[in-house]
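A quick write-up on the structure given underneath.
The values are calculated or read from the model by the stated rules, or taken from the named source; none is laboratory data. A quick note: this is a predicted structure, and the numbers were derived from the prediction, not measured. Cβ placement follows ideal geometry from the backbone for every residue including glycine, while neighbour counts extend to all protein chains displayed.
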Amino acid sequence: MSLNSLERTIDKVLSQKESTLISEIDSALQNSLKNLESSKSSLQVEYDSIIESSKKQAENLKRQIIGSSTLNARNKELVIIESAIDEIFIMAKEKLAKSNNEKNYEKLLTRLIQDSSAKLGSEIVIQCNKTDLNLVKKLVSQESSNRKSKITVSNEVVDIIGGIKAASVDGTMSLDNTLDSNIETLKPLIRKRIVQLLRGENK
Amino acid sequence: MVVDGVTTASFDELVEIETNEGERRLGKVLEVGSGKAVVQVFEGTTGLAITGTRVKFLGKTMAMPVSQELLGRVFDGLGRPNDGLPDPVADKFLDVNGEPMNPQSREYPTSFIQTGVSVIDGMLTLVRGQKLPIFSGSGMSHNILAAQIARQATVVGTNEDFAVVFAAIGVQYSEAQYFKRSLEESGALKRSVLFVNLADDPAIERIITPRVALTVAEYLAFDLGMHVLALLTDMTNYAEALREISAAREEVPGRKGYPGYLYTDLANNYERAGRIKGKNGSVTQMPILSMPADDITHPIPDLTGYITEGQVVLGRDLFRKGIYPPVNVMMSLSRLMKDGVGEGKTRSDHMEVGNQLYDAYSRAQEVRALAEIVGKAGLTGVDLKYLDAGDSFETHFLKQSPDENRNLDETLSRAWDILATLPEGELTKIKDKHIQQYYKGNK
């Protein structure tokens with residue numbers, strides 16, 4: 001092969017290689033641009049999903065904060081109301097303890113003695129507080145003569161604000177007819193009324 | 001506990017027991033006769049002396065104080081505050097046994113409740129007033145699912161109030177804490193009432209818990225007009241407590257030692273769901289029960305299935321594959337779904353998409369079984385597409401995170417993504433107009 005033809009061949013190979021390389025570079029460039037373009041859209045999707053999930057999280061967090069704050073405030077209100085209720089009950093009990101001179105109280109004690117006798121039988125033992133002892137003895141003697149029942153008043157006084165504690169003679173049955181116990185029984189209803197008053201509701 | 005010399009006590013009457021130390025406990029009369037009363041003590045009889053213990057018959061059955069203030073509160077299994085706060089101020093006191101709903105005044109449930117769980121909303125839709133139990137197995141994720149539903153459930157598109165009454169029956173302390181924390185952290189506690197009966201509480205308390213919870217649910221629904229979702233987990237513990245008490249009373253045992261009246265007793269609880277004509281609210285029930293040994297023929301799921309309107313069954317295979325929620329849709333069904341979805345209620349394609357998903361997943365299961373024998377190479381092109389659709393159903397639709405709340409549009413969009421893997425001609429359950437509108441595959 002002559003030198004010229006060798007040079008021509010080399011030139012041809014070089015030119016072919018050059019064009020191949022240029023086309024490969026072009027195609028790589030096109031691919032890169034395409035990849036960049038598709039990445040852009042996938043990045044946008046990714047970005048949108050992150051934003052969307054952040055918004056959801058923020059919404060959840062907001063709901064959570066508002067929810068727990070409302071609840072905490074409500075719970076604090078409940079505690080405050082409860083302490084006010086307790087105070088009201090203490091005051092009411094103190095007032096009741098001082099009311100044993102009133103006419104109504106005598107009627108109430110008579111009713112409680114009759115009720116105890118009706119429930120536990122004609123032979124019962126009654127206990128009351130120190131202040132009421134004489135009054136209860138007087139009422140029991142009236143009641144015993146009226147109904148021919150055998151009611152004994154125990155000299156052992158109990159620490160109650162008012163009313164009586166009754167028991168059958170053998171001690172197997174007892175009836176707590178004290179004001180303390182009646183207040184406890186009615187407490188849920190009284191509490192409701194107190195709360196209504198505290199909240200300014202007029203039901 | 002047997003009390004002698006009793007003449008006027010009544011069945012189910014509440015009893016107060018005072019110990020020698022002055023401690024007070026509650027109980028109820030189980031049997032009366034011959035001057036004796038059998039009393040079951042709620043807190044247990046440990047520490048009660050034969051002499052000196054006093055018993056007071058209260059002349060009333062157990063009542064629950066109810067008011068709107070119960071929302072956001074946590075109670076024990078008997079309805080006593082368990083959150084360190086005072087007793088709720090009661091609007092009224094309701095007998096925990098409730099009153100049977102007059103069948104004539106029942107209204108047919110037709111409104112959708114969104115749980116945010118794709119498989120339930122999309123294929124096993126819960127309807128207001130429905131009773132839809134979840135049948136699970138020991139150790140499966142039913143409690144996580146229950147808590148997720150409690151957090152996420154809502155009535156879409158109305159301003160009507162929604163509340164959740166959650167009764168945890170015979171659960172472990174850690175589970176109880178999980179429920180409480182889950183509701184607190186999501187901010188859902190303010191619209192919820194939580195009753196927690198722990199596994200170490202006496203059996204009789206477990207009998208009361210669902211009754212107390214349903215009493216509150218009924219009050220919120222029919223007195224305050226709220227839509228209430230009552231979640232009761234785990235009813236298996238309830239039934240076991242019933243068996244324990246029945247055995248103690250020496251009653252003739254029925255299947256697997258459960259009392260013969262198990263069906264009646266379960267129905268007494270489950271039937272306290274529904275809507276009432278002329279009243280706004282509704283009580284929707286999702287009782288959750290773990291099937292002993294995953295046995296769906298066990299008396300508890302068996303009898304529950306007769307009473308309720310469908311069931312959501314959790315599958316052990318899916319659970320083992322790490323899929324949450326592991327709902328086995330082929331075993332599950334919501335009987336009232338057809339009445340609660342569609343045009344004007346959810347979306348016009350909802351029912352058809354649900355049916356098509358059932359069809360596709362069922363076919364995928366068949367193809368999976370076939371592929372086990374002949375290998376994938378032996379499958380047709382369409383079969384391979386069903387195989388993909390089955391996988392996609394489990395990973396893209398069924399599987400979701402316990403804190404992921406998907407709305408119905410998202411759920412249906414995911415469903416259409418799965419259907420897009422199938423050729424259009426395979427969508428035989430869906431009307432052409434919906435295919436035109438929503439189908440994302442190659443046409």
Condition broken by residue A:115, with the remaining ones in (1) in the same structural domain as residue A:154 (by TED's automatic domain parsing); (2) loosely packed, with under 14 Cβ neighbours inside 10 Å; (3) not hydrophobic (A, V, I, L, M, F, W, C) satisfied: (2)
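Taking into account only those residues within the range A:174-187 that are within 12 Å of chain B (Cβ to nearest Cβ) and buried (at least 17 other Cβ atoms within 10 Å of the Cβ), which is modelled with the lowest pLDDT?
Taking the range A:174-187 and keeping what is within 12 Å of chain B (Cβ to nearest Cβ), we get A:174-176, A:181, A:184-185, A:187.
Pick out the ones that are also buried (at least 17 other Cβ atoms within 10 Å of the Cβ) and you get A:174-176.
On the way: A:174: 83, A:175: 86, A:176: 86.
Selected residue: A:174.
Could you identify the single residue in B:76, B:91, B:87, B:12 that is within 33 Å of the chain's Cα centre (by Cα) and without any contact (Cβ under 8 Å) to a residue 24 or more places away in the chain? Please lay out each step first, then the result.
On the way: B:76 fails: without any contact (Cβ under 8 Å) to a residue 24 or more places away in the chain; B:91 fails: without any contact (Cβ under 8 Å) to a residue 24 or more places away in the chain; B:12 fails: without any contact (Cβ under 8 Å) to a residue 24 or more places away in the chain.
Answer to the selection: B:87.
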Selection status of residue B:431, farther than 16 Å from residue B:122 by Cα and in contact (Cβ under 8 Å) with a residue 40 or more places away in the chain: yes
Matching residues, the range B:187-213, being free of Cβ contacts under 8 Å to residues at least 60 places away in the same chain and within 14 Å of chain A (Cβ to nearest Cβ): B:187, B:188
Of residues in the range B:333-386 being touching a residue at least 60 places away in the same chain (Cβ under 8 Å) and among the hydrophobic types (A, V, I, L, M, F, W, C), the one farthest from residue B:275 (Cα to Cα): B:360
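Considering every residue within the range B:90-106, establish whether at least one is within 14 Å of chain A (Cβ to nearest Cβ) and under 18 Å from residue B:190 (Cβ atoms).
At the first step, the residues of the range B:90-106 found to be within 14 Å of chain A (Cβ to nearest Cβ) are B:90-94.
Now restrict to residues that are under 18 Å from residue B:190 (Cβ atoms): none.
No, the range B:90-106 contains no residue that is within 14 Å of chain A (Cβ to nearest Cβ) and under 18 Å from residue B:190 (Cβ atoms).
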Residue that is farthest from residue B:46 (Cα to Cα) [pool: residues in the range B:172-186 that are hydrophobic (A, V, I, L, M, F, W, C) and more than 14 Å from every other protein chain (Cβ to nearest Cβ)]: B:179
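Residue by residue through the range B:355-406, note down the ones that are within 14 Å of chain A (Cβ to nearest Cβ) and loosely packed, with under 14 Cβ neighbours inside 10 Å.
First, the residues of the range B:355-406 that are within 14 Å of chain A (Cβ to nearest Cβ): B:400-406.
Residue satisfying the conditions is B:401 alone.
Take residue B:30 and tell me if it is surrounded by fewer than 19 Cβ atoms within 10 Å (Cβ to Cβ) and among the aliphatic types (A, V, I, L, M).
Details: surrounded by fewer than 19 Cβ atoms within 10 Å (Cβ to Cβ): yes; among the aliphatic types (A, V, I, L, M): yes.
Considered against the rule, which asks whether it is surrounded by fewer than 19 Cβ atoms within 10 Å (Cβ to Cβ) and among the aliphatic types (A, V, I, L, M), residue B:30 comes out as yes.
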Residue identified as closer than 30 Å to residue B:246 by Cα, surrounded by 19 or more Cβ atoms within 10 Å (Cβ to Cβ) and assigned by TED's automatic domain parsing to the domain that holds residue B:217 among B:150, B:167: B:167
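Please report, ordered by residue number, the strands (runs of 3 or more DSSP E) entirely within the range B:43-150 with at least 2 residues that are touching a Pro at 6+ places or on another chain (Cβ under 9 Å). Let's see the steps before the verdict.
Numbers: elements: B:54-57, B:63-66, B:73-76, B:92-95, B:134-137.
Answer list for the range B:43-150: B:63-66, B:73-76, B:92-95, B:134-137.
Please count how many residues of the range A:76-93 are without any contact (Cβ under 8 Å) to a residue 12 or more places away in the chain and either surrounded by fewer than 15 Cβ atoms within 10 Å (Cβ to Cβ) or assigned by TED's automatic domain parsing to the domain that holds residue A:180 (or both). Even if it seems obvious, please write down each step before you answer.
Of the range A:76-93, the ones without any contact (Cβ under 8 Å) to a residue 12 or more places away in the chain are A:76-80, A:82-83, A:86-87, A:90-91.
Still in the list and also either surrounded by fewer than 15 Cβ atoms within 10 Å (Cβ to Cβ) or assigned by TED's automatic domain parsing to the domain that holds residue A:180 (or both): A:76-77, A:79-80, A:83, A:86-87, A:90-91.
Counting residues in the range A:76-93 that are without any contact (Cβ under 8 Å) to a residue 12 or more places away in the chain and either surrounded by fewer than 15 Cβ atoms within 10 Å (Cβ to Cβ) or assigned by TED's automatic domain parsing to the domain that holds residue A:180 (or both) gives 9.
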Pairs where the first residue, in the range A:141-153, is in the same structural domain as residue A:123 (by TED's automatic domain parsing) and under 8 Å from residue A:122 (Cβ atoms) and the second is modelled with pLDDT of 80 or more and of a type in the set (Gly, Ala, Ser), C-beta under 6 Å, 6+ apart: A:149/A:117
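Keeping to the range A:63-105, report how many residues are among the hydroxyl-bearing types (Ser, Thr, Tyr) and more than 7 Å from chain B (Cβ to nearest Cβ). Give the derivation first.
So the first thing to find is which residues in the range A:63-105 are among the hydroxyl-bearing types (Ser, Thr, Tyr), and the list is A:68-70, A:83, A:99, A:105.
Checking the rest, the ones that are also more than 7 Å from chain B (Cβ to nearest Cβ) come to A:69, A:83, A:99, A:105.
Qualifying residue count for the region: 4.
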Scan of the range B:329-370 for residues that are more than 22 Å from the chain's Cα centre (by Cα) and among the charged types (D, E, K, R), ordered by number: B:343, B:345, B:347, B:349, B:352, B:359, B:363, B:366, B:368
Residues satisfying the stated conditions in the range B:326-336, i.e. out of contact with any strand residue (DSSP E or B) (no Cβ under 7 Å at 6 or more places or on another chain) and buried (at least 16 other Cβ atoms within 10 Å of the Cβ): B:329
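Between B:29, B:41, B:74, which is among the aliphatic types (A, V, I, L, M) and assigned by TED's automatic domain parsing to the domain that holds residue B:241? Can you show your working first?
Details: B:29 fails: assigned by TED's automatic domain parsing to the domain that holds residue B:241; B:41 fails: assigned by TED's automatic domain parsing to the domain that holds residue B:241.
Residue meeting the stated conditions: B:74.
Could you tell me whether residue A:6 is part of a helix (DSSP H, G or I) and within 30 Å of residue B:406 (Cβ to Cβ)?
Numbers: part of a helix (DSSP H, G or I): yes; within 30 Å of residue B:406 (Cβ to Cβ): no.
Here the answer is no, as residue A:6 does not meet what is asked.
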Index of the failed condition, residue A:58 passing every other in (1) within 30 Å of residue B:187 (Cα to Cα); (2) within 11 Å of chain B (Cβ to nearest Cβ): (2)
Restricting the range B:37-65 to residues that are within 14 Å of chain A (Cβ to nearest Cβ) and not hydrophobic (A, V, I, L, M, F, W, C), the residue that is surrounded by the fewest Cβ atoms within 10 Å (Cβ to Cβ): B:51
Test: residue in the range B:408-420 that is touching a strand residue (DSSP E or B) at 6+ places or on another chain (Cβ under 7 Å) and either crowded, with 16+ Cβ neighbours inside 10 Å or in contact (Cβ under 8 Å) with a residue 60 or more places away in the chain (or both): yes
Failed criterion for residue A:41 (all others in (1) surrounded by 10 or more Cβ atoms within 10 Å (Cβ to Cβ); (2) at pLDDT below 90; (3) more than 14 Å from chain B (Cβ to nearest Cβ) hold): (1)
